[in-house]
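K.L.:
Supplied in structure tokens, the structure appears directly below.
Any read-out appearing in this document is the output of simple, stated calculations on the displayed coordinates, not a laboratory observation. Here the structure is a predicted model, which means the values were calculated and not measured. Cβ: placed from backbone, ideal geometry, glycine included. Neighbour counts: every protein chain shown.
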Amino acid sequence: MTRLEEFGWKGEAAPGIARVVRSHGDYYHLACCESDSDVIARKKKGAFMREDASPKPVTGDFVKFVHNPGGESMIVETLERFSVFERRDAGARRSSQTLAVNFDILFITTGLNENYSPARIARFLALAENMGRAKAVLLFTKADLLAPGEGARLAKEACGMFATESLAVSTVSGEGLERLRAMMHPRDTVSFVGSSGVGKSSLVNALAGEDVAETLEVQEWSGKGRHATTSRTIYKLASGVLALDTPGVREIGMIGETETVLAKGVSSHRWRK
Ligand SMILES: Nc1nc2c(ncn2[C@@H]2O[C@H](COP(=O)(O)OP(=O)(O)O)[C@@H](O)[C@H]2O)c(=O)[nH]1
Ligand SMILES: [Mg+2]
């Protein structure tokens, strides 16, 4: 299998096609069949400026690129996305922010502590409504903070309330992790979205069996709500599953409203250092 296929390309692997597996600033790490390691590329100047141009690439995108082993490789086009999850902002300069693309499963992640809010889950589900060819699963983390069986009960209740598959897990006790693994297939891309601090990176690490993702983005709390982590990465787990870890979403809004519950809940999180 080529590296491009290992990273989720389900069509015929061809030169000139790649997947963005990490991005920081102007630089993109590409998995492709031309190389056994990441090829670093930039966007071709002007290629994403025209009105009819494809969207600017983000981690998870499949792209067309020009490979230049001796110099700079250039991304020239973003291929059509089969799924997209985006946040819509009210009155902001940018009207939307693309949080994840080309995922097979969207895990809407909620902590079983102050983070728990049916209203927020409903909001995430509403944003997920037209996300494309992917399924949504409600994932409840930190089940160890509740009495035994309580997390599973809440997950079952949510499943009834939202008619969406639900699961309670804990990276501390290991509860639910086997069921979570069983939901994911090799070369599928899974994406975890939810508030900062709910344990998305911890889950990726637990699934990977080693620390690949940075957890507890400490600066995030000291910087008055600023997100320190802006890079997004696709991690290839030993199982062959591709996990897309995204920076936390502090506020996720529908057009015309702002989520404030999150900011309030944060200060009383018991795990805050
Ligand atoms: N009690 C408990 N704490 C957890 C669990 N998973 C993660 N945490 C803690 O929650 C905090 C935030 O985790 P992190 O993975 O960085 O969250 P992210 O911002 O969603 O990526 C860290 O202090 C973790 O140790 C869990 O299952 N149970
Ligand atoms: Mg994280």
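K.L.:
According to the square roots a ≥ b ≥ c of the eigenvalues of the Cα gyration tensor, what is the shape class of region 69-150, taking rounded for a/c under 1.5, prolate for a/b larger than b/c otherwise, and oblate for the remainder?
P.N.:
Prolate is the answer for region 69-150, as a/c is 1.5 or above and a/b outweighs b/c.
K.L.:
Which residues' amide hydrogens lie under 5 Å from the amide hydrogen of residue 169, considering only partners 5 or more residues apart or on another chain, with H built in the peptide plane?
P.N.:
Hits under the 5 Å cutoff: 140, 141, 142, 143.
K.L.:
For the charge dipole of region 74-181, defined by +1 on Lys and Arg C-beta atoms and -1 on Asp and Glu C-beta atoms about the Cα centroid, which residue among 100, 163, 138 has the Cα displaced farthest towards the positive pole?
P.N.:
Among 100, 163, 138, the one farthest towards the positive end of the dipole of region 74-181 is 100.
K.L.:
Can you compute 3J(HN,Hα) from phi for each residue in region 48-62, using the Karplus curve 6.51 cos²θ - 1.76 cosθ + 1.60 with θ = phi - 60°, rounded to whole Hz and x for Gly and Pro?
P.N.:
10, 8, 4, 5, 8, 6, 6, x, 4, x, 10, 4, x, 6, 8
K.L.:
Which FRET efficiency value, to the nearest 0.05, do you get for residue 97 and residue 173 by plugging their Cβ-Cβ distance into 1/(1 + (r/R0)^6) with R0 = 35 Å? List each step's numbers first, then the result.
P.N.:
Values: r = 34 Å, r/R0 = 0.96.
Here the calculated transfer efficiency is 0.55.
K.L.:
Gap in Å between the Cα centre of region 126-148 and the Cα centre of region 172-208?
P.N.:
11 Å
K.L.:
Can you list the HN-Hα couplings for region 157-167, worked out from phi with the Karplus curve (6.51, -1.76, 1.60; θ = phi - 60°), rounded to whole Hz and with x for Gly and Pro?
P.N.:
Result, ordered by residue: 4, 5, 4, x, 5, 10, 6, 9, 3, 9, 8 Hz.
K.L.:
Next up: Give me 188, 52 sorted ascending by neighbouring Cβ count inside 10 Å, so fewest comes first.
P.N.:
Working: 188 18, 52 4.
Ranked by crowding around the Cβ, least crowded first: 52, 188.
K.L.:
Another question, then. In the structure displayed, which of 44/200; 56/135; 10/200; 10/43; 56/200 lie more than 30 Å apart, Cα to Cα? Working shown, then result.
P.N.:
Numbers: 44/200 33 Å; 56/135 24 Å; 10/200 26 Å; 10/43 24 Å; 56/200 25 Å.
Result: 44/200 exceed 30 Å.
K.L.:
Just check region 1-103 against the gyration tensor rule for me: Cα atoms, a ≥ b ≥ c as the square roots of the eigenvalues, rounded for a/c under 1.5, and otherwise prolate or oblate depending on whether a/b exceeds b/c.
P.N.:
Since a/c reaches 1.5 and a/b is larger than b/c, the shape of region 1-103 is classed as prolate.
K.L.:
With Cβ to Cβ distances under 15 Å as the rule, what net charge do the other residues near residue 72 carry (K, R +1; D, E -1)? Intermediate results must be reported in sequence, preceding the final value.
P.N.:
Values: positive: 42, 43, 44, 45; negative: 26, 34, 38.
Around residue 72, the surrounding residues sum to +1.
K.L.:
Quick one: which residues, 5+ away or cross-chain, put their amide H under 5 Å from the amide H of residue 103? H built at 1.01 Å from N.
P.N.:
Those qualifying (amide H under 5 Å, at least 5 residues apart or on another chain) are 83.
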